[in-house]
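Input: a single structure, listed below in structure tokens.
Please treat every number below as a calculation from the coordinates, not as lab data. Note that the coordinates shown come from a computational prediction; the quantities given were computed from them, not determined experimentally. Cβ placement follows ideal geometry from the backbone for every residue including glycine, while neighbour counts extend to all protein chains displayed.
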Amino acid sequence: MKDVNIIWDEALDSLKGSIIAVSYMLWIDNLYPLCIVENELVLVCPTANAKKTVNQKYKDDILVAVQKSEPLVCNILALIESEKESFIEEMNIQSKDIAVKEVTENKVSPFMSRYTFDNFVVGESNKLAFHSAKMVAENPGSSTGYLNFNPLFIYGGVGLGKTHLLHSIGNYITNNLPKLKILYVPTEKLINDFIEALSDSSTNKNSFKAFREKYRSVDVLMLDDVQFLQKKSGLQDVIFHIFNELYQNGKQIILSSDRPPKDIGTLEDRLRSRFEGGLLADIGVPTLEMRIAIIRKKMILEKIAVNDDVVLFLAEKIDTNIRELEGALSKIILFSQLLNKPFPDVETAKEALKVNENEIKKEGIDSEDIISAVSTYFRINESDIVGKKKTKDIVEARMIAIYLVNDLLNLPLVTIGQIFGGRDHTTVIHSRDKILSLMEENKDTQRKIKDIRALLASKK
Ligand code: ADP
Ligand code: MG
């Protein structure tokens, strides 16, 4: 049997896909594995309430995820810190041998189980993308008369369901056409693979061949977020050839992007025309009715109950990004649980979302203090720091503010993104990493950060 920490790490990776981000952060991320005894994985929970929630709501999901990594595990036991000692003692008294039962191997799927067509709410803004994704899943690679679905190019803003649709295709084909070989790759990963293959090619002649082989040998190729191919001309060339080959052999290609091909800068013309050569399907911002339907769907999936007026409040408040909508819903649920209210009302909901905007102070500093200090230091309006403007000075101030909020406050990345005008958590990661590397490179950035920290300290 694998090491318990490795099993848990792998299980966490797959849980990230099966549980809504905020619930994951609240209930899963802070568990740790103790040991495996008699095919039972023992997990330690931070609080009694956490243990209760894990037992009531997440045990099955956790077991499925753990079994993907280690099929021999057949049960999950949740303990709290104070039960740990006596458990260990008891274990030492009992037999030390670990009985291992034979369990048939589980096939690990790279697709998130909750991203299915059934779980996708269809409306005006996404029906073209949904129906074409479904057609392609049912008949990959074949063109239906004069309709050409190859490649299928799905585009739309962040958090609107592109990855969900790609995984739905993946899940559908895995279940219904199991003989087909599907490869799903986020474009960032493709880029890394490519760079690795290139850098290995000096020592290993076959590394580049292996890279191409991996992508050429599939029946269905899905590339998520191809806007990242921007400026990657070497890779574009390789992709072009892989595409042609797949296309000529009747293999299905599916792409997603946050913008249409014509808006992807520095994309080679011939690749652009390949991207545009099939079906372009856009996903727009959902209407209020759709947002309500989506929240209802999530409630069923997560087995939670929320009053209608709270659903409406949420759907009205968060109108452009479904990932945020899900996050807000989870926060409201958590907040009402903390208050021991079985059904959150609108007041609780308002409170929950407000609290999350600037909560968890460390040493008396909150995000507002940091934004205000950065604003004073750079002489830039606070509203610009959290706003959309992209001038050089504002971008620098914003990244520094994000970096400091992340560094000084114990806040989840998603929450930080929300504080900064509803940005995605990946933007938070990007800003943080950018500032970290700037600080390594130049004293100027170091000094600015130091000054702002001093400013903050003096304000306390
Ligand atoms: P994108 O890849 O476009 O940034 P995702 O596919 O990751 O967005 O979607 C973000 C979240 O919103 C996911 O949890 C997804 O399940 C959910 N979501 C998006 N659109 C829908 C929809 N129409 N119905 C149900 N859930 C949706
Ligand atoms: Mg995506």
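Note on GLU316 and ALA457: the model spin-label points, each 7 Å out from Cα along the C-beta direction, lie 4.7 nm apart. Extension gain for ASP407 to LYS450 (0.36 nm times residue separation, less C-alpha to C-alpha distance): 14.2 nm.
For LYS2 and LYS303, what is the calculated FRET efficiency with R₀ set at 30 Å and r taken between the beta-carbons, to the nearest 0.05?
On the way: r = 31 Å, r/R0 = 1.02.
My answer for the efficiency is 0.45.
Adding -39500 (n - 2.57) for every DSSP H run of four residues or longer, then dividing by how many residues the chain holds, sets the calculated 222 nm ellipticity at -17000 deg cm²/dmol. A simple spin-label model places the labels of GLU38 and ALA210 4.4 nm from each other, with each point 7 Å out along Cα-to-Cβ.
Which of GLU83, GLU440, GLU188 comes first, and how do the rest follow, when ranked by fewest Cβ neighbours within 10 Å?
GLU440, GLU188, GLU83
The overall shape of region 306-349 is oblate: from the C-alpha gyration tensor, with semi-axes ordered a ≥ b ≥ c, the ratio a/c is 1.5 or greater and a/b is no larger than b/c. Placing unit charges on each Cβ (+1 for Lys and Arg, -1 for Asp and Glu) gives region 367-460 a dipole about its Cα centre, and among SER383, ILE402, THR426 the Cα reaching farthest toward its positive end belongs to SER383. Exceedance of the 31 Å cut-off in Cα-Cα distance is limited, within the set LYS57/LYS189; LYS134/LYS262; LYS214/LYS389; LYS303/LYS389; LYS297/LYS434, to LYS57/LYS189; LYS214/LYS389; LYS303/LYS389; LYS297/LYS434. Neighbour counting of Cβ atoms within 10 Å sorts the residues LYS179, LYS434, fewest neighbours leading, into LYS179, LYS434.
Ordering VAL226, LEU353, TYR115 by the projection of their Cα atoms onto the charge dipole of the chain, which places +1 on the Cβ of Lys and Arg and -1 on the Cβ of Asp and Glu, puts VAL226 at the extreme positive end. With the cut-off at under 14 Å, measuring from each backbone N in region 299-339 to a point 7 Å along the Cα-to-Cβ line of GLU347 picks out 336, 339. In a reduced charge model with +1 at each Lys and Arg Cβ and -1 at each Asp and Glu Cβ, the chain shows a dipole moment near 1080 debye about its Cα centre. Under unit Cβ charges (Lys, Arg +1; Asp, Glu -1), what dipole magnitude, rounded to 20 debye, does region 358-432 have relative to its Cα centre? Roughly 340 debye for region 358-432.
In this model, which of LYS388/LYS448; LYS16/LYS59; LYS317/LYS350 are farther than 19 Å apart at the alpha-carbon?
LYS388/LYS448
Rounded to the nearest 20, the size of the Cβ-charge dipole of region 196-270 about its Cα centre is 200 debye, with Lys and Arg at +1 and Asp and Glu at -1.
Classify region 176-243: rounded, prolate or oblate, from the alpha-carbon gyration tensor (a ≥ b ≥ c, eigenvalue square roots; a/c under 1.5 rounded; otherwise prolate if a/b is larger than b/c)? In terms of gyration-tensor shape, oblate.
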